[in-house]
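Trainee: There's a structure below that I have some questions on.
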Amino acid sequence: MARDYYAILGVPRDASAEQIKRAYRRLARELHPDVNPDAQAQRRFQDVTAAYEVLTDPQKRQVVDLGGDPLEPGAGRGAGGDPFGGFGFGDIMDAFFGAGGAPGRRGPRSRVQSGSDALIRLQLTLEECASGASRELTVDTAVLCVECNGSGCAPGTRPRACDTCGGAGEVQNVQRTFLGQVVTSRPCPVCRGFGEVIPDPCRQCGGDGRIRARRNVTAKVPAGVGDGMRVRLAGQGEVGPSGGPAGDLYVEVQEVPHETFTRDDADLHCTVRVPMTAAALGTTVALETLDGIEEIRVEPGTQCATVLTLRGRGMPRLRSTGRAEGRGDLFVHLDVVTPTRLDPRQIELLRELALLRGEEQAELTANGRAGGLFSRLRDSLGGR
């Protein structure tokens, strides 16, 4: 008994070709093995595919309408073979929605393309990073070819349509499968998808529409930049093919190490060596900061590793907008230096001082408490 292909697809007998295609598309999404691995769904998908193949062929559909079955038992679904003709679910969908479109549907791609970004490194001192700088830089990038003004053609000539693709920019391949004819497209190998060829390229740029050249640009670096930060110069990068818009130029800052200060974001640190006697008696140190000479008062009795903070004497704080707002601090680390080479008179004076202060011997302290170990033992025993 002949199979009812209309019932298999769930369409009326007077269904149009578009109704048949929509019905098959809906069932294929549900039953294809890539989507539904169930064995029963796979058998039904084979039946649905066979019904679609029959009803989309005018001659086979006429046989069905006359009460016959144009397919021999198992035809098109042979055991041991690939019932799907080597096509996956994506290929079936492409036949309806994607690459299997009409010729020239996507059209040729434009020769005019955006250019790439460029990068140049700029060395700046700490003082320049703090105040900002303006530098004239020499860059080597692709620029517009003045001979052809970016067209890539020799003067007086124009591009012509590609003979291989007829100006479509793509060529199509037609393959007959169990679904019927499946059309796939790919970029034309002759014109590379542009749809046109340049018969007489510009001698200056070779048809690219751009040449490499050195030029000068002015880079303005804002105050507060640091090592590794980048400043963007819009439209100063590589010009695109066929005179396309230029990319951006990025200026990367390389901060030169400073002989006095080390940097921690917007804060600065430095170390000042103070003689032992000056730390004991107190003194004033003249420190050259980013704002000029600053007088630092070292109080009498200052200990080693003391840190003095000068508020607002650090680097400008760079906001996300590229502008400086406020400043960091300057931290001055005091290093009390003990003399190592003493003459006899100095030794005598230090011994006299130690005798006056009762400091001939070192005292052991624990947990930062004053007094020697034996003193604390004596105190714990009630002074005995």
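Trainee: What tally of residues in the stretch 41-59 results from selecting those that are at pLDDT 85 or above and of a type in the set (Lys, Arg)?
Mentor: 1
Trainee: Here is a check on your reading of the model: is Thr138 hydroxyl-bearing (Ser, Thr, Tyr), more than 30 Å from Lys21 (Cβ to Cβ) and at pLDDT 90 or above?
Mentor: Yes.
Trainee: Further question on the same structure: Being assigned by TED's automatic domain parsing to the domain that holds Pro199 and over 30 Å from Arg186 (Cα atoms) is the requirement here; does Cys153 meet it?
Mentor: Details: assigned by TED's automatic domain parsing to the domain that holds Pro199: yes; over 30 Å from Arg186 (Cα atoms): no.
No: the conditions fail for Cys153.
Trainee: Out of Arg317, Arg297, I need the residue that is basic (Lys, Arg), free of Cβ contacts under 8 Å to residues at least 40 places away in the same chain, assigned to a strand (DSSP E or B) and under 30 Å from Gly224 (Cβ atoms). Which one?
Mentor: Values: Arg317 fails: free of Cβ contacts under 8 Å to residues at least 40 places away in the same chain.
Result: Arg297 is the single residue among Arg317, Arg297 that is basic (Lys, Arg), free of Cβ contacts under 8 Å to residues at least 40 places away in the same chain, assigned to a strand (DSSP E or B) and under 30 Å from Gly224 (Cβ atoms).
Trainee: Look at Arg29 and say whether it is in a helix (DSSP H, G or I), surrounded by fewer than 18 Cβ atoms within 10 Å (Cβ to Cβ) and at pLDDT below 85.
Mentor: Numbers: in a helix (DSSP H, G or I): yes; surrounded by fewer than 18 Cβ atoms within 10 Å (Cβ to Cβ): yes; at pLDDT below 85: yes.
Yes: the conditions hold for Arg29.
Trainee: From the list Leu364, Leu355, which residue is modelled with pLDDT of 65 or more, in a helix (DSSP H, G or I), outside the structural domain of Asp227 (by TED's automatic domain parsing) and over 30 Å from Thr289 (Cβ atoms)? Steps first, please.
Mentor: Numbers: Leu364 fails: in a helix (DSSP H, G or I).
Leu355 is the lone residue from the list that is modelled with pLDDT of 65 or more, in a helix (DSSP H, G or I), outside the structural domain of Asp227 (by TED's automatic domain parsing) and over 30 Å from Thr289 (Cβ atoms).
Trainee: Right, next: Can you name the number of the only condition in (1) within 30 Å of Met315 (Cα to Cα); (2) touching a Pro at 6+ places or on another chain (Cβ under 9 Å) that Ala280 fails?
Mentor: (1)
Trainee: Quick one: would you say Leu144 is in the same structural domain as Phe194 (by TED's automatic domain parsing), crowded, with 17+ Cβ neighbours inside 10 Å, more than 18 Å from Arg214 (Cα to Cα) and of a type outside the set (Gly, Ala, Ser)?
Mentor: Details: in the same structural domain as Phe194 (by TED's automatic domain parsing): yes; crowded, with 17+ Cβ neighbours inside 10 Å: yes; more than 18 Å from Arg214 (Cα to Cα): no; of a type outside the set (Gly, Ala, Ser): yes.
So Leu144 fails the test.
Trainee: Can you tell me which residue among Leu318, Leu310 is in contact with a Leu (Cβ under 6 Å, 6 or more places away or on another chain) and either at pLDDT 95 or above or crowded, with 16+ Cβ neighbours inside 10 Å (or both)? Before the answer, list the steps.
Mentor: Details: Leu318 fails: in contact with a Leu (Cβ under 6 Å, 6 or more places away or on another chain).
Every option except Leu310 fails the conditions.
The values are calculated or read from the model by the stated rules, or taken from the named source; none is laboratory data. Fair warning: this is a prediction, and the values are worked out from it, not measured in the lab. All Cβ positions, even for glycine, are placed from backbone atoms using ideal geometry, and neighbour counts span all protein chains on display.
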